[in-house]
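A short worksheet on the structure shown next.
The values are calculated or read from the model by the stated rules, or taken from the named source; none is laboratory data. Since this is a predicted model, take the numbers as computed values, not measurements. Because the Cβ atoms are built from the backbone with ideal geometry, glycine has one as well, and the counts that use them run over all protein chains shown.
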Amino acid sequence: MRLVYGFFNSDDQILYIGSSFLPLEKLEYNHRNALELWPNEEHTRFRTMLSELDHDCGGFRRLIEMKCTRPVIEALEGQLIRAFNTPLNDDRDPVRSSKLYGRY
């Protein structure tokens, strides 16, 4: 199973959209603790911002969940990123990026 998820602020505005094969609770833990879990890696603007927020300042929600391939879920992710014009997504085309970086 794969999912597309969104991060919503306390005003119910969607700020970020991503996709994963992890359960929502695990991916939230990874995002919120990324700077401590992987201190020597380069981190996205979203993860950096998230590390500075209290848990009450927003949360993750499942937008789509389905059994599919990575290219399919990333295509849906990209469509939602572009449709909602999410301010914390630096990458507007996850499919292109995955092809560029040899993820599939």
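Here is how the numbers come out for the structure above:
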| item | result |
| --- | --- |
| Of all residues making up the stretch 41-92, the number that are in a loop (DSSP other than H, G, I, E, B), in contact (Cβ under 8 Å) with a residue 12 or more places away in the chain and under 14 Å from the mean Cα position of the chain (by Cα) | 7 |
| Long-range neighbours under 7 Å by Cβ, at least six apart or interchain, first residue surrounded by 15 or more Cβ atoms within 10 Å (Cβ to Cβ) within the stretch 10-30, second charged (D, E, K, R) and outside any strand (DSSP E or B) | ILE17/GLU77; GLY18/GLU77; SER19/GLU74; SER19/GLU77 |
| Residue list for the stretch 3-40, restricted to those being of a type in the set (D, E, K, R) and not in a helix (DSSP H, G or I) | ASP11, ASP12 |
| Members of the stretch 75-98 found to be out of contact with any Ser or Thr (no Cβ under 6 Å at 6 or more places or on another chain) and under 14 Å from SER20 (Cα atoms), listed by number | ALA75, LEU76, GLY78, PRO94, VAL95, SER98 |
| Meets criteria (surrounded by fewer than 18 Cβ atoms within 10 Å (Cβ to Cβ) and on the phi > 0 side of the Ramachandran plot) for ASP93 | no |
| Count of the stretch 37-64 residues which are of a type in the set (D, E, K, R), more than 16 Å from LEU88 (Cα to Cα) and modelled with pLDDT of 95 or more | 1 |
